[in-house]
Amino acid sequence: MSTPNRLIEATQELLWERGYVGTSPKAIQQRAGAGQGSMYHHFSGKPELALAAITRTSEEMRRTAGRLLDGPGSAYERIAAYLLRERDVLRGCPVGRLTMDPDVIADDELRAPLDDTLDWLHGRIAAIVQEGVDGGEFTPGTDPGPVAAAVVATVQGGYVLARASGSPAAFDRAVEGLLTLLAARGPQI
């Protein structure tokens, strides 16, 4: 792996574990096995490196979610695949954790990839819900926007509840409840 990639990967991990303030250039260099000169040869400083790491984290989340949301199956099955995918629930969502970092959120440039990713996720899920409405899978007149918002909120809130309780069961219950509600949105006979 190239030095810039090692630096970005180390920064991704440290931002997830420690947040922006807790991620020092020295810690990045140590985790990446790179010297100070190497770091500053490839990046102007911590803000540029953090932006590269946040951008990569956001891109990885989109790829992972996209594989499931764009996969085979009905609208319900694709949303369920996204909700039920294997996760390290107690570690939390790397994008969601960054949205709770006041230093990241206060910086428009650092926040932009996170906003774009969450907007993409909401939009993709809303489009799938609309496919389900159009195909008769969900109740006619279902508004896809609020349903998509509930899916995103359930995942992000599920991470928070699981971390707070120290058990993935809280996440699992939230997902199970949402899937029950989505199944109930099926056409009424």
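The values are calculated or read from the model by the stated rules, or taken from the named source; none is laboratory data. Remember, it's a predicted structure, so these values are computed and weren't measured experimentally. Ideal geometry is used to build each Cβ from the backbone, glycine not excepted, and the neighbour counts take in all protein chains shown. Heads up: the accessible areas ignore ligands, DNA and RNA and are worked out on the full protein's heavy atoms, side chains in. Shrake-Rupley method; radii C 1.70, N 1.55, O 1.52, S 1.80 Å.
Assorted remarks:
- Whole-percent P(r), the stretch 9-118, all Cα pairs, 5 Å bins from 0: 2, 12, 20, 20, 17, 13, 8, 5, 3, 1, 0.
- Listed residues PRO113, PRO102, PRO144, most fluctuating in the chain (Gaussian network, C-alpha, under 10 Å): PRO102
- Apportionment of accessible area to carbon and sulfur, the chain, percent (1.4 Å): 54
- Taking Cβ atoms as reference points and 13 Å as the exclusive limit, the residues near GLN156 contribute a net charge of +3, counting Lys and Arg as +1 and Asp and Glu as -1.
- Here the stretch 128-181 and the stretch 61-98 have alpha carbon centers that stand 11 Å from each other.
- Calculated FRET efficiency, ALA150 to SER24, Cβ-Cβ distance, R0 = 35 Å: about 0.35 to the nearest 0.05.
- Ellipticity estimate at 222 nm from DSSP helix runs (n ≥ 4, -39,500 (n - 2.57)) divided over the chain, nearest 500: -24000 deg cm²/dmol
- Normalised by residue count, the stretch 13-56 yields a Cα convex hull volume of 65 Å³ per residue.
- Using a Förster distance of 22 Å, the FRET efficiency for TRP120-ARG85 (Cβ separation, nearest 0.05): 0.85
- The angle separating the long axis of helix 75-84 from the principal Cα axis of greatest extent in the chain is about 40 degrees.
- All Cα-Cα distances of the stretch 100-189, cut into 5 Å bins from zero to the largest, leave 3, 13, 17, 18, 17, 15, 9, 5, 2, 0, 0 percent in each bin in turn.
- All other residues whose Cβ lies under 12 angstrom from that of ALA126 are scored, Lys and Arg at +1 and Asp and Glu at -1, for a net of -2.
- Note on the stretch 13-103: with charges restricted to the Cβ of Lys and Arg (+1) and Asp and Glu (-1), its dipole about the Cα centre is near 100 debye.
- Fraction of alpha-carbon pairs over 27 Å apart in the chain - percent: 37
- Its relative contact order, with pairs defined as Cα atoms under 8 Å and 6+ residues apart, puts the chain at 20 percent.
- GluC sites (Glu not before Pro) within the stretch 1-88, DSSP loop, no more than 12 other Cβ atoms inside 10 Å: GLU86
- For the Cα trace of the stretch 99-145, dividing Rg by the Kirkwood Rh returns an Rg/Rh value of 1.25.
- Estimated dipole of the chain in Debye, rounded to 20 [Cβ of Lys and Arg +1, of Asp and Glu -1, Cα centre]: 600
- With R₀ set to 30 Å, the beta-carbon distance separating THR180 from ARG111 gives a calculated FRET efficiency near 0.35.
- For the chain: accessible area per residue (Å², 1.4 Å): 50
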